[in-house]
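Read the structure below first, then the notes.
Each reported figure results from applying straightforward, stated rules to the coordinates on display, with no laboratory input. None of the values given here were measured: they were computed from a predicted structure. All Cβ positions, even for glycine, are placed from backbone atoms using ideal geometry, and neighbour counts span all protein chains on display.
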Amino acid sequence: MYTSEVQVRVRYAETDQMGYVYYGNYAAYFEVARVEALRSLGFSYKKLEEDGVMLPVLDFSVKYFKPAYYDDLLIIKTIIREMPQARIKFEYEIYNEHELLLNSATTTLVFINKSTNRPCPAPEDFRKAISKYFVK
């Protein structure tokens, strides 16, 4: 299992009239978390795309428990529980600075060969980098 954490400070423009983070902004927070999770493994979306691999979102699900507010420091925990094959599933938990769980979510992305626009296995160098977290 692989885990990583990233922090995001809520900006005023990300809140709604009630003062809560607008629900649609969480998708962007999850994107930040997954990009940084890959970066901490030594990979970037940009490099994957340059190497001819795209990662579109297949599925997105979120559960909201408590709101986040302007200027809150959010801690986003990203978890990959299964060794990626042609798909990679990310789980997320967002906590505020008081360690209160605000929401949880999952996204499933598919490795797509850019030239054929068809699913493909996760790149070998990516599988090698993440495999150490899945040793049995």
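Which residue, chosen from V35, N113, Y22, occupies the Cα position most advanced towards the positive end of the dipole of the chain, where the dipole is computed from +1 (Lys, Arg) and -1 (Asp, Glu) charges on Cβ about the Cα centre? Highest projection toward the positive end goes to N113. To the nearest whole percent, what portion of all C-alpha pairs in the chain is separated by more than 18 angstrom? Within the chain, distances greater than 18 Å cover 56 percent of Cα pairs. Within the chain, the longest run free of GluC sites (Glu not before Pro) that sit in a DSSP loop with at most 16 other Cβ atoms within 10 Å is 1-81.
Spatially, the range 68-83 and the range 97-116 are offset by 10 Å when compared through their Cα centroids.
Quote the FRET efficiency, to the nearest 0.05, computed for Y23 versus D51 with a Förster distance R0 of 35 Å and r equal to the Cβ-Cβ distance.
0.55
State which stretch of the chain is the longest one without any exposed chymotrypsin sites (Phe, Trp or Tyr not before Pro), exposure meaning a DSSP loop state and at most 16 other Cβ atoms within 10 Å.
Working: sites that count: Y22, Y23, F65, Y70.
The segment 71-136 is the longest one with no such site.
Among S115, S104, which comes first, second and so on when ranked by fewest other beta-carbon atoms within 10 Å? It would help to have the intermediate numbers written out before the result.
On the way: S115 8, S104 16.
The fewest-first ordering by Cβ neighbours comes to S115, S104.
Taking every alpha-carbon pair in the range 1-54 and binning the separations at 5 Å intervals from zero gives 4, 16, 21, 18, 15, 13, 8, 4, 1 percent. Distance between the modelled labels on V110 and F134, one decimal in nanometres: 1.9 nm (7 Å Cα→Cβ projection). Computed about the Cα centre, the dipole magnitude for the chain is approximately 560 debye when only Lys and Arg (+1) and Asp and Glu (-1) carry charge, each at its Cβ.
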